[in-house]
1. I need the phi-derived Karplus couplings for the range 49-63: 6.51 cos²θ - 1.76 cosθ + 1.60, θ = phi - 60°, integer Hz, Gly and Pro marked x.
2. Counting only other residues whose beta carbon sits under 14 Å from that of Glu36, what net charge do I get with K and R as +1, D and E as -1?
3. At what distance in nm do the modelled label points of Leu51 and Leu21 sit from each other, each positioned 7 Å from its Cα along Cα→Cβ?
Amino acid sequence: MDVLPHEHPLLRCLAAIDDRLDDLAPLDPEFLPTQEKERALVAVDRELARLEGLRVQLPASSRDVADQRGARSAASRGATRERRAADARPPAT
């Protein structure tokens, strides 16, 4: 996610998360010692819960996005985007 330095701190944080997730791609959790796997599981659950909170909060404060795009709500706009993304994915085998 590309973000300019003058953009909102929320966007900069999301870009940083995106970059760090890219760093995880080549790492295989199979080689983590058991205790570290446990810590990683707890950490992933914690971060997912925090991101879920933001995911819920954003549409609640995004009526202006829906108005700008002509959607009934920001949630319906997001649902349309998700359906398009799902249609573009190759079928599971």
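We did not get these values from a lab; they are worked out from the coordinates using the rules stated. These numbers come from a predicted model, not from an experiment. Neighbour counts run over all protein chains shown; Cβ positions are idealised from the backbone, glycine included.
1. Residue by residue, the range 49-63 yields 5, 5, 5, 4, x, 5, 4, 6, 5, 4, x, 5, 10, 10, 4 Hz.
2. Details: positive: Lys37, Arg39; negative: Asp28, Glu30, Glu38.
That sum, taken over residues with Cβ under 14 Å, equals -1.
3. Those two pseudo-labels are separated by 0.4 nm.
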